[in-house]
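Please read the structure below before turning to the comments.
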Amino acid sequence: MRGLPKSLRRTLKHAAGLVGISWPKESRDLLAERVRLSVQARSPLWLLLTLLNVQLPVTVKIGGIPVTVRTKTPDLEVAISCLCGEFDPLCAAVPNLRHRLIIDAGGYIGTAAIAFAKRYPKSTVVTLEPNTANYRILVKNTAAWSNIIAMNAALAPDPGVSTLYNRGTGEWGFTLIEKAADRSTTPIESVQCITVDQIVGQIGSGGIDILKIDIEGGEHALLSRNTGWINKTTGICIELHDRIVPGCSEVWHAATAGRNNFASDGEKHISLKAA
């Protein structure tokens, strides 16, 4: 129950003792995490529905920004992370925009796009989410932000149609990889694929200021061919998923050779165009 106020930890333990519950540590930690998220989002309803094992959309406010999240999904955890500083190192590395174009590949429910749109109000933020159910939530969450363009598509090195697969890790882990190295996959739906160059052409920009890539192993193919867009991009923030496709780190370092690269939080890596 680390991370919760001591008074709240004592209350939870006392309540468990009153009803004679003896919880394994994993169960206590899971409950504590759910309570922490609900407190941060100020949403007892989210906690209640989660504890009841019911999946429904709930509107919460995070940092004063209303967003819709689904219970029984990673939505709230992702929303809090995105809107409470996850991309601060990237924004600090790219304080000013030249092209006023940001691409968010792996948009999920739209909270990363909102974080960028808020930080760079004069930019155009293109956010891509291939999964239909996630995309519906993304559209709802970004509707109030006039500088966000939502696309129901996957970022890939070539245009066309591909299959989206479920790796069994929740709504945030869908992938274009049919045979993931870490888990078995099941097909979900067909998705439209779009390239970085197509997006730049549609927006009419000469380059990209920020490209955020979190595409669950799809980065291996994206960085392996048709990579001319890298030299047109000021800052790239990527999550590398070697566990899904071995070799993602290797193609990343090869594709961004000569740029200023450094590791950020967790799986994130940042690459900046050399001056």
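Read-outs throughout are calculated quantities, based only on the coordinates presented, and are distinct from any laboratory measurement. Please read these numbers as outputs of a predicted model, since none were measured by experiment. A quick note on method: Cβ atoms are made from the backbone with ideal geometry, for glycine too, and the neighbour counts reach across all protein chains shown.
Of the peptides 108-118, 34-44, 76-86, 254-264, the order by per-residue mean of other Cβ atoms within 10 Å, starting with the highest, comes out as 108-118, 76-86, 34-44, 254-264. Using C-alpha pairs below 8 Å separated by at least 6 residues, the relative contact order for the chain is 13 percent.
Roughly what % of DSSP beta bridges within the chain run antiparallel, to the nearest 5? Could you put the intermediate results ahead of the total?
Numbers: 23 of 43 bridges.
So the antiparallel bridges in the chain amount to around 55 percent.
Of R119, R243, R28, the residue with the greatest mean-square motion in the GNM of the chain, using alpha carbon springs below 10 Å, is R28. Averaging the sequence gap over all C-alpha pairs within less than 8 Å and six or more residues apart, then dividing by the number of residues, gives the range 49-113 a relative contact order of 26 percent. Charging the Cβ of each Asp and Glu at -1 and of each Lys and Arg at +1, and nothing else, the dipole of the chain about its Cα centre rounds to 1120 debye. Note on C91 and E33: the model spin-label points, each 7 Å out from Cα along the C-beta direction, lie 2.6 nm apart. Near the amide H of W145, within less than 5 Å, lie no amide hydrogens of residues on another chain or at least 5 residues away, with H placed in the peptide plane. Pairs from the list K212/K273; K118/K232; K25/K179; K122/K212; K72/K122 with a Cα-Cα gap above 25 Å: K25/K179; K72/K122.
Given R₀ = 51 Å, what would the calculated FRET efficiency be for K61 paired with S190, taking r from the Cβ atoms and rounding to 0.05? Intermediate values should be presented prior to the final figure.
Numbers: r = 36 Å, r/R0 = 0.70.
E(calc), rounded to 0.05, equals 0.90.
Calculated [222 nm] ellipticity per residue, helices only, for the chain: -9500 deg cm²/dmol; basis is -39500 (n - 2.57) per DSSP H run with n ≥ 4, divided by all residues, nearest 500. For L176, the residues whose modelled amide H falls within less than 5 Å of its own, excluding neighbours fewer than 5 places apart on the same chain, are Y165, G218.
Take each peptide in 214-226, 55-67, count the other Cβ atoms within 10 Å of every residue, and average; sorted highest first, the result is 214-226, 55-67.
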